[in-house]
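Asker: This is the structure, below, for whatever I ask next.
The values are calculated or read from the model by the stated rules, or taken from the named source; none is laboratory data. Please read these numbers as outputs of a predicted model, since none were measured by experiment. Cβ placement follows ideal geometry from the backbone for every residue including glycine, while neighbour counts extend to all protein chains displayed. Quick note on the areas: whole protein, heavy atoms, side chains included, nothing else; ligands and nucleic acids left out. Shrake-Rupley method; radii C 1.70, N 1.55, O 1.52, S 1.80 Å.
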Amino acid sequence: MRIECPFCGPRDASEFAYYGDAKRRPETSGSDVSRQLYEAVYLRDNPAGRHEDLWYHGGGCRSWLRVTRDTRTHEIFGATFAAGEPS
Amino acid sequence: MSAAASYMKPRRLPKGGLIDRSRPLNFTFDGERYHGYAGDTLASALLGNGIKLVGRSFKYHRPRGILTAGSEEPNALVELRSGARREPNTRATIVELFDGLEAQSQNRWPSLKFDVGAVNSVLSPFFAAGFYYKTFMWPASFWERVYEPAIRRAAGLGRASPEADPDIYEKLYAFCDVLVIGGGAAGLAAALSAGRSGARVILCDEDYVLGGRLNGDNREIGGESGSAWAHHASLSLDALSNVRVLRRTTVFGVYDGGTYGAVERVSDHLLVPASHQPRQRLWKIVAKRAVLATGAIERHIVFGGNDRPGVMMASAVRTYLNRFAVPAGRRAAIFTGCDDAWATAFDLLGSGIPVEIIIDMRTEIDSRLTEKASRLGIRTVAGARVLTTRGSQDLKTISVRTADGQTSDIEVDLLAMSGGWTPNLALATHLGSRPSWSDTLAGFVLNTPPRGMTVAGAAQGSFALADTLREGDAAGAAAAEAAGGAVQNHPLPQADDEHISSKPFWYVAESRSKAFVDFQHDVTSNDIALAAREGFQSVELLKRYTTLGMATDQGKTSNINGHALMAQITGRRMSQVGTTVFRPPYTPVAIGALAGHHRGPAFKPTRLTAGHRWAEECGATFVEAGQWLRAQWFARPGETHWLTTVSREVREVRGKIGVCDVSTLGKIDVQGNDAGAFLDRVYVNMFSTLPIGKVRYGLMLREDGLVMDDGTAARFAADHYVVSTTTANAGKVMQHLEHARQVLRPELDVQLVSVTEQWSQYSIAGPHSRLLLARLLGDAADISDTALPYLGCIEFSWCNVPARLFRVSFSGELAYELAVPAQFGDATIRAMMEAGRELGIVPYGTEALGVMRIEKGHVASNELNGMTTATDLGLGRMMSRKKDFIGRVLAMRPGLADPERPALIGIKPAARTARLHAGAHFLAVGAKPNMGNDQGYVTSVAFSPMLEHWIGLGLIKNGPARIGEIVRAYDPVRNRDTEVEIVSPIFFDPEGTRLHG
């Protein structure tokens, strides 16, 4: 599998560490925060099809990337910086 | 002339073939000497010497010969070479002959011709499909002791060498626009058209001569022979600088994103690899487009005795004849349902080999073929079939039933069979594409190949040579164009005419003797029928119940026949039965090739600190800490036990002074206006309030609230901190901090960089440490207690080298850590030892460091084990209530906040002379040892030279409330049961007075 790192270009998947669902973490204040955080850490969705994952390019530029991937075919549709585009 | 001598008489034709008669090669098979020629495979050389019997079958130990002339060979598996280079289960049909080759037949005892295991054939009713599951059910204890060893001895293939492989293997990455898999007619045409467009092309072919079937068949392209055309095409490809041709290279796997695995047999055709050359090379090829031109595999026919040596694939007979100038027999018959195999008869006759009969299962045959046969004097029978074969170890007679029901025996020693051709789509299915049945082609074809792949030629079901060339050419051009190449038009060579009509025919129902479907796993037509009767009718169940297609050949020749039989038995169509798909590797790949250079000491990188050579000179014993090597202790002459050395090191540090290399600890440089706010976020305690010039101990939690790592952060400026991590977690903490920075808090102005390798850092501990630093640093830094109090840090220039000094202590002594750029690490430690000589300085290792931290009750990786909370470790009060931090919310979950959770305590043996062991579990005195009574466990132990007895740290329920209580440290694994006293985890200098020196 290959991931197109927006900084390094297309690189082999072995350079990246997989993290999981790229959904934003809930805010850590508020009434329901404990349940929301629990679900974010333990109850991640694993849909069949298009999914946004977080990957860490530890063997490259150390960027955290938001990667759009088809979980059935491993097709990679694209990757963006998790921190947003550098200004 | 004796029978044996005539049997062994060489059979090579006087001329022809792609062999070099000027280069004879010697080889042995089962110890007997033979010779062949350069260009031979082991199989062609064996046949050339009249050897037909080459192995015994897996289950029934049936005599087996050579069935095919390619990598799909199920029968002719041999052991190659001897000693450390012995290699089992190599296919004689693709082993390139070299001078001095040694081959051994497999799975026979005491000899190939007389094999005791053949009794299994008589016992075959007990070895039918599913016999493992049915026969050996009872008694259960017999399985491990009796059945399995017996089965493993009786059934099996070759033996691997028990010695280490003496050869080297390497790995390479390659990138290209177009990867062409297969160097037959379609592949060559594809590589030529893609290569001429300027695209970067890689062509892989498993053979050592390009051409595929063109070398085995008697064909013409553009006025020259097929093999000559292939040779000229390969020369044209070699001349193109943008084309790389990899011969002897099998593409064995197709992976996501246009990645392909291939293994190149660099030196397999040599006795030993040339010096510095690898035996094999693993290629990871990344291709924008791929053309799959893997051709087709000829199907055998399932009939009685179809496994007898002398029964071969019709195409293989042509290959041995045309490519190797070896007639596979002296008197031949053909058994077929397709036009293609008639060429075998014509080729044999053309070489002077009599063809007794062509038995065609079809009732209607192209008159041009029958007329040609009759012109040549070959008897042909339509609508007929072979019922069985006879002969002890090789073919003597076949029994033929004609359309009118008459049965007659015909004496032949070669039967060339063909049940048609199956497109070879194994690689195309690696990513999950499922082929579908085509009635017109009588085979499975692929409608949706994997992304980026085009299938061309016979692999796509285009069996006519003209179509194959045209499709290959078009696929190569299209792939090059899609990858950005500019396609040039060029004329396509003209192929001669041929007959390719075929009628699928799978098995002879009238056969009464064993009819093999899967030769390598000894699956017969009866096994398929049994599976059908017992309900294992889906192809996936059929495969697992009968082991059809599960041998090392992955059922390349057998799967489709098995599926067709199942279809016929259950009254379904092929399209309903379907087919199984393949997994990598396409053909077996040596583990050595996959490992490459990563074996022995090179299995993983070894990281050495700048002071490593100095430590070696001091006699250090090293220990692996992740990839690092760290000095464990420094034995002095006369010290015979490590504990003596370690205890001495501890006493000398606590009595005078010692130095320890702590460069392996992770160091992360944190800079930016929001550096303090960022650290507040990742540590449980506050760092934005840390004054400049100060160091603070910090604890990090994971998102789930458990402890991740500990360390210190030193503040050198308002916007500059240096964070330390444990050696083991350096990489993980870096990833965690980057996650916090980029994903959780991208709005913060902060940058991180790992500087672990950039700095050498030494811990100087003991009452004389300030004295040593004063001598070492001179005027470079003010290290008075006022200028540099406990938990202070300074930056200064020392001999024009930027240096940092931290007053931190892991040992509980007056201690410092001196950091210098790594290129000065070696000089610094030598200067330090010189400056401290009169003070009695000693180097100490990780063991003494560990003893001293246990004496002080400091937690380390034994306690930071991924299951402990801050409160468990007695560090709960560090968790700030004034701010948010990673892990805060989930650390408050009831299970993690439970006051009864095992928490950190110290232990001493109740009988002070007793030894303690880590890993023991705590039980109340008198309690039964069971999980219900488990109260916690011992995490770390050490012999304390200061207290002169063993001490330990552990986690026990309600820990801190139980000081003074006696419990048991129970270790059923090592059969130990020791009474221990629960004490404070701080054993030595509990007031901390030594720290302030």
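Asker: Is it the case that A:E52 is within 8 Å of chain B (Cβ to nearest Cβ), surrounded by 12 or more Cβ atoms within 10 Å (Cβ to Cβ) and among the acidic types (D, E)? Outline the logic, then answer.
Answerer: On the way: within 8 Å of chain B (Cβ to nearest Cβ): no; surrounded by 12 or more Cβ atoms within 10 Å (Cβ to Cβ): yes; among the acidic types (D, E): yes.
No; evaluated as a whole, the condition is false for this residue.
Asker: So which residues in segment A:1-16 are among the hydrophobic types (A, V, I, L, M, F, W, C), within 11 Å of chain B (Cβ to nearest Cβ) and open to solvent by 30 Å² or more (accessible area, probe 1.4 Å), if there are any at all?
Answerer: Residue satisfying the conditions is A:M1 alone.
Asker: Taking segment A:60-87 as the search range and keeping residues that are among the basic types (K, R) and either open to solvent by less than 50 Å² (accessible area, probe 1.4 Å) or within 13 Å of A:P6 (Cα to Cα) (or both), which one is nearest to the other protein chains (Cβ to nearest Cβ)? Reasoning before the result, please.
Answerer: Step one: list which residues in segment A:60-87 are among the basic types (K, R), which gives A:62, A:66, A:69, A:72.
Filter once more, keeping what is either open to solvent by less than 50 Å² (accessible area, probe 1.4 Å) or within 13 Å of A:P6 (Cα to Cα) (or both): A:62, A:66, A:69.
Details: A:R62: 6, A:R66: 9, A:R69: 10 Å.
It comes out as A:R62.
Asker: Take the residues in segment B:765-778 that are surrounded by 20 or more Cβ atoms within 10 Å (Cβ to Cβ) and assigned to a loop (DSSP other than H, G, I, E, B), then tell me which one is nearest to the other protein chains (Cβ to nearest Cβ).
Answerer: Among those that are surrounded by 20 or more Cβ atoms within 10 Å (Cβ to Cβ) and assigned to a loop (DSSP other than H, G, I, E, B), it is B:G766.
Asker: Same structure again: What number of residues within segment B:213-261 satisfy the criterion of being part of a loop (DSSP other than H, G, I, E, B) and among the hydrophobic types (A, V, I, L, M, F, W, C)? Step through it out loud before you land on a result.
Answerer: Quick first cut of segment B:213-261, residues part of a loop (DSSP other than H, G, I, E, B) only: B:216-219, B:222-223, B:240-242, B:247-248, B:256-258.
Now narrow it down to the ones that are among the hydrophobic types (A, V, I, L, M, F, W, C): B:240.
Qualifying residue count, segment B:213-261: 1.
Asker: So how many residues does segment B:217-241 have that are farther than 28 Å from B:H499 by Cα and crowded, with 18+ Cβ neighbours inside 10 Å? Even if it seems obvious, please write down each step before you answer.
Answerer: Step one: filter segment B:217-241 for residues farther than 28 Å from B:H499 by Cα, giving B:235-241.
Next cut, crowded, with 18+ Cβ neighbours inside 10 Å only: B:237.
Summing the residues that are farther than 28 Å from B:H499 by Cα and crowded, with 18+ Cβ neighbours inside 10 Å in segment B:217-241 gives 1.
Asker: Anything in segment B:190-216 that is open to solvent by 10 Å² or more (accessible area, probe 1.4 Å) and closer than 14 Å to B:L292 by Cα? List them, or say none.
Answerer: Matches in segment B:190-216: B:D205, B:E206, B:G212.
Asker: If a residue has to be on the phi > 0 side of the Ramachandran plot and open to solvent by 10 Å² or more (accessible area, probe 1.4 Å) to count, how many in segment B:280-309 make the cut?
Answerer: Of the residues in segment B:280-309, the ones on the phi > 0 side of the Ramachandran plot are B:295, B:305.
Restricting the remaining residues to those that are open to solvent by 10 Å² or more (accessible area, probe 1.4 Å) gives B:295.
Adding up the residues that qualify gives 1.
Asker: Can you go through A:S29, A:S34, A:S14 and tell me which one is in contact with a helix residue (DSSP H, G or I) (Cβ under 8 Å, 6 or more places away or on another chain) and of a type in the set (G, A, S)? Steps first, answer last, please.
Answerer: On the way: A:S29 fails: in contact with a helix residue (DSSP H, G or I) (Cβ under 8 Å, 6 or more places away or on another chain); A:S14 fails: in contact with a helix residue (DSSP H, G or I) (Cβ under 8 Å, 6 or more places away or on another chain).
Only one candidate passes the filter, namely A:S34.
Asker: Moving on to the next point. Out of (1) among the hydroxyl-bearing types (S, T, Y); (2) within 38 Å of the chain's Cα centre (by Cα); (3) more than 14 Å from chain A (Cβ to nearest Cβ); (4) over 23 Å from B:F346 (Cβ atoms), what's the single condition that is false for B:S418?
Answerer: Result: B:S418 fails condition (4) only.
Asker: So how many residues does segment B:590-648 have that are farther than 26 Å from B:V851 by Cβ, open to solvent by less than 60 Å² (accessible area, probe 1.4 Å) and part of a loop (DSSP other than H, G, I, E, B)?
Answerer: 2
Asker: What number of residues within segment B:534-553 are crowded, with 21+ Cβ neighbours inside 10 Å and part of a loop (DSSP other than H, G, I, E, B)?
Answerer: Within segment B:534-553, residues that are crowded, with 21+ Cβ neighbours inside 10 Å and part of a loop (DSSP other than H, G, I, E, B) number 5.
Asker: Evaluate segment B:258-273: report whether one residue or more is over 22 Å from the mean Cα position of the chain (by Cα), closer than 23 Å to B:G212 by Cα, among the charged types (D, E, K, R) and open to solvent by 30 Å² or more (accessible area, probe 1.4 Å). Can you show your working first?
Answerer: Just the residues of segment B:258-273 that are over 22 Å from the mean Cα position of the chain (by Cα), to begin with: B:269-273.
After this cut, where a residue has to be closer than 23 Å to B:G212 by Cα as well, the list is B:269-270.
Applying the additional criterion that residues be among the charged types (D, E, K, R) yields none.
Taking every residue of segment B:258-273 in turn, none turns out to be over 22 Å from the mean Cα position of the chain (by Cα), closer than 23 Å to B:G212 by Cα, among the charged types (D, E, K, R) and open to solvent by 30 Å² or more (accessible area, probe 1.4 Å).
Asker: While we're looking at this one, here's another question. Hey, could you check segment B:730-764 for residues that are open to solvent by 20 Å² or more (accessible area, probe 1.4 Å) and polar (S, T, N, Q) and say which is farthest from the other protein chains (Cβ to nearest Cβ)?
Answerer: By that ranking, first place goes to B:Q761.
Asker: Being open to solvent by 50 Å² or more (accessible area, probe 1.4 Å), free of Cβ contacts under 8 Å to residues at least 12 places away in the same chain and not charged (D, E, K, R) is the filter here, so list the residues in segment B:396-439 that pass it.
Answerer: B:Q406
Asker: Give segment B:421-439 a look and list any residue that's within 14 Å of chain A (Cβ to nearest Cβ) and of a type in the set (G, A, S), or say none.
Answerer: Within segment B:421-439, B:G432, B:S433 qualify.
Asker: Same structure, new question: Being assigned to a loop (DSSP other than H, G, I, E, B) and touching a strand residue (DSSP E or B) at 6+ places or on another chain (Cβ under 8 Å) is the filter; apply it to segment B:880-895 and report the residue that is nearest to B:N958 (Cα to Cα).
Answerer: Taking segment B:880-895 as the starting set, the residues that turn out to be assigned to a loop (DSSP other than H, G, I, E, B) are B:880-887, B:892-893.
Now narrow it down to the ones that are touching a strand residue (DSSP E or B) at 6+ places or on another chain (Cβ under 8 Å): B:885-887.
Working: B:F885: 26, B:I886: 26, B:G887: 23 Å.
Ranking the qualifying residues of segment B:880-895, first place goes to B:G887.
Asker: Does segment B:205-222 hold any residues that are touching a helix residue (DSSP H, G or I) at 6+ places or on another chain (Cβ under 9 Å) and not charged (D, E, K, R), and which are they?
Answerer: Result: B:V209, B:L210, B:G211, B:G212, B:L214, B:N215, B:G216, B:N218, B:I221, B:G222.
Asker: From (1) of a type in the set (K, R); (2) surrounded by fewer than 20 Cβ atoms within 10 Å (Cβ to Cβ); (3) under 30 Å from A:I76 (Cα atoms), pick out the condition that doesn't hold for B:R247.
Answerer: Unmet for B:R247, out of (1) of a type in the set (K, R); (2) surrounded by fewer than 20 Cβ atoms within 10 Å (Cβ to Cβ); (3) under 30 Å from A:I76 (Cα atoms): (3).
For (1) surrounded by 20 or more Cβ atoms within 10 Å (Cβ to Cβ); (2) among the hydrophobic types (A, V, I, L, M, F, W, C); (3) in contact (Cβ under 8 Å) with a residue 60 or more places away in the chain; (4) within 17 Å of B:P309 (Cβ to Cβ), each residue gets a yes or a no:
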| position | (1), (2), (3), (4) |
| --- | --- |
| B:I51 | yes, yes, no, yes |
| B:F58 | yes, yes, yes, yes |
| B:P74 | yes, no, yes, yes |
| B:L77 | yes, yes, yes, yes |
| B:D99 | no, no, yes, no |
| B:W109 | no, yes, no, no |
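Asker: Could you please tell me which pairs satisfy a Cβ distance under 8 Å, a separation of 6+ or placement on different chains, a first residue in segment B:288-304 that is free of Cβ contacts under 8 Å to residues at least 40 places away in the same chain and closer than 18 Å to B:D340 by Cβ, and a second residue that is open to solvent by 10 Å² or more (accessible area, probe 1.4 Å) and among the small types (G, A, S)?
Answerer: Pairs that qualify, where the first residue is free of Cβ contacts under 8 Å to residues at least 40 places away in the same chain and closer than 18 Å to B:D340 by Cβ and the partner is open to solvent by 10 Å² or more (accessible area, probe 1.4 Å) and among the small types (G, A, S): there are none.
Asker: Need the failing condition index for B:I500 against (1) under 19 Å from B:G443 (Cβ atoms); (2) part of a helix (DSSP H, G or I), just the number.
Answerer: All conditions pass for B:I500, except number (2).
Asker: Do you know which residues across segment A:25-44 are outside any helix (DSSP H, G or I) and either more than 9 Å from chain B (Cβ to nearest Cβ) or surrounded by 12 or more Cβ atoms within 10 Å (Cβ to Cβ) (or both)?
Answerer: Pass one, segment A:25-44, residues outside any helix (DSSP H, G or I): A:25-32, A:43-44.
Matches in segment A:25-44: A:R25, A:P26, A:E27, A:T28, A:G30, A:S31, A:D32, A:L43, A:R44.
Asker: Further, regarding this structure: Mind checking whether some residue in segment B:925-943 is among the aromatic types (F, W, Y) and within 42 Å of the chain's Cα centre (by Cα)? Give the derivation first.
Answerer: Narrowing segment B:925-943 to residues among the aromatic types (F, W, Y): B:937, B:943.
Those still in the list that are within 42 Å of the chain's Cα centre (by Cα) too: B:937.
Looking through segment B:925-943, at least one residue is among the aromatic types (F, W, Y) and within 42 Å of the chain's Cα centre (by Cα).
Asker: I'd like to check something: does segment B:827-840 contain any residue that is out of contact with any His (no Cβ under 9 Å at 6 or more places or on another chain), touching a residue at least 12 places away in the same chain (Cβ under 8 Å), closer than 30 Å to B:N862 by Cβ and crowded, with 19+ Cβ neighbours inside 10 Å? Steps first, answer last, please.
Answerer: Just the residues of segment B:827-840 that are out of contact with any His (no Cβ under 9 Å at 6 or more places or on another chain), to begin with: B:827-835, B:837-838.
Adding the requirement that they be touching a residue at least 12 places away in the same chain (Cβ under 8 Å) leaves B:828-833, B:835.
Then drop every residue that is not closer than 30 Å to B:N862 by Cβ, which leaves B:829, B:832.
Restricting the remaining residues to those that are crowded, with 19+ Cβ neighbours inside 10 Å gives B:829, B:832.
Taking every residue of segment B:827-840 in turn, at least one turns out to be out of contact with any His (no Cβ under 9 Å at 6 or more places or on another chain), touching a residue at least 12 places away in the same chain (Cβ under 8 Å), closer than 30 Å to B:N862 by Cβ and crowded, with 19+ Cβ neighbours inside 10 Å.
Asker: Considering only residues that are in contact (Cβ under 8 Å) with a residue 40 or more places away in the chain and part of a strand (DSSP E or B), which ones fall in segment B:341-379?
Answerer: Selection gives B:E356, B:I357, B:I359.
Asker: Inspect all residues belonging to segment B:408-420 and state whether any of them is part of a strand (DSSP E or B) and of a type in the set (D, E). Break it down into steps so the answer makes sense when it comes.
Answerer: At the first step, the residues of segment B:408-420 found to be part of a strand (DSSP E or B) are B:408-411, B:414-418.
Now narrow it down to the ones that are of a type in the set (D, E): B:409, B:411.
Within segment B:408-420, one or more residues are part of a strand (DSSP E or B) and of a type in the set (D, E).
Asker: So, B:S462, is that one surrounded by fewer than 22 Cβ atoms within 10 Å (Cβ to Cβ) and either of a type in the set (F, W, Y) or away from every other protein chain (no Cβ under 14 Å) (or both) or not?
Answerer: On the way: surrounded by fewer than 22 Cβ atoms within 10 Å (Cβ to Cβ): no; either of a type in the set (F, W, Y) or away from every other protein chain (no Cβ under 14 Å) (or both): yes.
No.
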